[in-house]
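S.K.: I'd like to ask some things about the structure below.
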Amino acid sequence: MRSLETKPGRYGFETVRYGAVSSLLLLARDGAGRERGRTSAAAAGFRIIAEAAPAEAAQTVAGVAAFDAIFAEVEDRHDLVRLASVLDEAAQRGCRALVAVRGAAAASAGALPSSPAIRVVVEPTGLDLLEGLHAASPPQSLRFHDVKNADSPRLQQLSAEVGRIANILASLSEEEKAEEVSGQPRPRVDAALVRAIIRARRLRDHYFRSELFADPAWDMLLDLYAARLDRQRVAVSSLCIAAAVPATTALRWIKSLTDQRLFVRIADPQDGRRVFIELSDEAAAGLEAYLVAAQRISPIIL
């Protein structure tokens, strides 16, 4: 939805400024929970439109005209039960929700509605909250704004870059399928090779400032490909570390690469707090083709 912010005007009146910031309803019983919600919301790019205790969720929702997402932190199982109907109704309207369940309420987490629009995390870390709120953000294409958003050129550039990467990987995969190399053995691609490439990339940070070489998309692609070859799973938090950029930047890239179908999100069936990220088959085929082609040119690949 289009958000509204006010700022003091020249003559003491408030001037209205519209933007593309998503609005969030924050539900938490105590000050510590609300502070965690405010910190995560600010990092994820949300504007908090209202705050209330979970027990007051129904009345608060009735008094708010519209909002894009709900963040609720619940520690009491009775609050969890009361919140269920509110979340269910909001999900039916297309509103997404992140519910952080803590303490005694964890045993009653199953009382919440089962919906793709409602994500439940048990005893979450700060990174879990940030990643969950990013996932709850409305798609950019559905947002309208009257004033140019300062971040939009960067987001457009990110989207264009991810699209370019997707096209290149797809073309490499097709070229590899069609290529016939006579009398020349096919270079071997294994996890050890990919890990060596990653280590060589990180080695640059010892000699130059790391931000000079920030390339989170490629670093994450390599990390996921090595994990795929080793038959390992990679959690979102681990992938953010592999990106070698701030977590908020890494999460934006993860979302964009997932939207472009280079990454696939897999929920951990045994731990509701964790989400795994894997390469799509197309992205893996493209990476393999690139590494094979690059080794034919030079054994040193960065």
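The values are calculated or read from the model by the stated rules, or taken from the named source; none is laboratory data. Since this is a predicted model, take the numbers as computed values, not measurements. Positions of Cβ are backbone-derived with ideal geometry, glycine not excepted, and every protein chain shown enters the neighbour counts.
Results for (1) under 24 Å from L127 (Cβ atoms); (2) surrounded by 18 or more Cβ atoms within 10 Å (Cβ to Cβ), shown as yes or no for each residue.
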site	(1), (2)
L24	yes, yes
R34	yes, yes
R47	yes, no
E51	yes, no
V64	no, no
D68	yes, yes
F71	yes, yes
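S.K.: Still on this structure, please answer the following. Quickly run through segment 103-131 and pick out the residues that are over 15 Å from R274 (Cβ atoms) and crowded, with 18+ Cβ neighbours inside 10 Å. So that I can check it myself, show each step before the final result.
M.R.: Start the filter on segment 103-131 by keeping residues that are over 15 Å from R274 (Cβ atoms), which leaves 103-105, 107-108, 110-118.
Answer for segment 103-131, where residues must be over 15 Å from R274 (Cβ atoms) and crowded, with 18+ Cβ neighbours inside 10 Å: A105, L112, P113, A117, I118.
S.K.: Which of the residues spanning segment 251-301 are in a loop (DSSP other than H, G, I, E, B) and either under 22 Å from S238 (Cβ atoms) or modelled with pLDDT of 85 or more (or both)?
M.R.: Q260, R261, L262, D268, P269, Q270, D271, G272, R273, R274, S280 - these are the residues of segment 251-301 that are in a loop (DSSP other than H, G, I, E, B) and either under 22 Å from S238 (Cβ atoms) or modelled with pLDDT of 85 or more (or both).
S.K.: Have a look at R265, R261, R233 and point out the one that is more than 14 Å from the chain's Cα centre (by Cα) and surrounded by fewer than 20 Cβ atoms within 10 Å (Cβ to Cβ). If you could, list the steps in order and put the result at the bottom.
M.R.: On the way: R265 fails: more than 14 Å from the chain's Cα centre (by Cα); R261 fails: more than 14 Å from the chain's Cα centre (by Cα).
Result: R233 is the single residue among R265, R261, R233 that is more than 14 Å from the chain's Cα centre (by Cα) and surrounded by fewer than 20 Cβ atoms within 10 Å (Cβ to Cβ).
S.K.: Scanning for something at pLDDT below 80, within 22 Å of A247 (Cβ to Cβ) and assigned to a helix (DSSP H, G or I), does segment 193-208 turn up at least one residue?
M.R.: Scanning segment 193-208, I find no residue that is at pLDDT below 80, within 22 Å of A247 (Cβ to Cβ) and assigned to a helix (DSSP H, G or I), so the answer is no.
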